[in-house]
Amino acid sequence: MAQLRLLRGRARSLRSRMRRIGSMMQGSVVYRQMTCGKPNCRCRRGFPHTYLCITYKDQGKTKTVYVNKTREAEALLLARNYKQHKELLRELTRVNLEILKSPKND
């Protein structure tokens, strides 16, 4: 009985943490490098331009979206929040399975 009470408390705690996460976005943050078409640019001398993209799945296909430098921090936060939410959901699932497997009279 005490074990079941602990599990239910853990599940409540996980749900509470999930509610506090905030905005999120499913996808992966990817830094890419490229060289531009300017002949005298530093990227032609081995220092490529770096930019941030978000990749995500849409109807089974991978989509890539460029993220403007002014929105990089926001994109990183959204992706980090999603990852944290996924980890908490995985843990909540494990706890709920333990609750379901426990005897009914506990």
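The values are calculated or read from the model by the stated rules, or taken from the named source; none is laboratory data. Keep in mind that what you see is a predicted model, and the values were worked out from it rather than measured. Reconstructed Cβ throughout: ideal geometry from the backbone, glycine too, with neighbour counts over all protein chains shown.
Couple of notes before you dig in:
- Of all residues in segment 31-41, none satisfies being under 30 Å from E98 (Cα atoms) and touching a Ser or Thr at 6+ places or on another chain (Cβ under 7 Å).
- Taking strands (runs of 3 or more DSSP E) as the structural unit, those lying wholly within segment 19-80 and holding at least 3 residues that are among the β-branched types (V, I, T) and more than 27 Å from L92 (Cβ to Cβ) correspond to 61-67.
- The residues listed here are A11, A2; of these, the one that is among the small types (G, A, S) and modelled with pLDDT of 95 or more is A11.
- Residues within segment 28-60 that are small (G, A, S), at negative phi and at pLDDT below 90, tallied: 1
Matching residues to (1) touching a Gly at 6+ places or on another chain (Cβ under 9 Å); (2) closer than 18 Å to N81 by Cα:
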residue	(1), (2)
L6	no, no
R10	no, no
S13	no, yes
S16	no, yes
I21	no, yes
G27	no, yes
R32	no, no
R45	no, no
I54	yes, yes
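- Any hit, segment 84-106, residues being of a type outside the set (G, A, S), more than 30 Å from A2 (Cα to Cα) and free of Cβ contacts under 8 Å to residues at least 40 places away in the same chain: no
- Taken as a whole, the structure places R10 among residues that are surrounded by 14 or more Cβ atoms within 10 Å (Cβ to Cβ) and either over 24 Å from E74 (Cα atoms) or within 15 Å of the chain's Cα centre (by Cα) (or both).
- A search for C-beta distances below 8 Å between a residue of segment 28-43 that is of a type in the set (K, R) and any residue that is not in a loop (DSSP other than H, G, I, E, B), counting only pairs 6+ apart in sequence or on different chains, returns R32/T50; R32/Y51; R32/L52; R32/C53; K38/R44.
- Residue, nearest to R17 (Cα to Cα), within segment 66-88, restricted to residues that are surrounded by 13 or more Cβ atoms within 10 Å (Cβ to Cβ) and hydrophobic (A, V, I, L, M, F, W, C): L88
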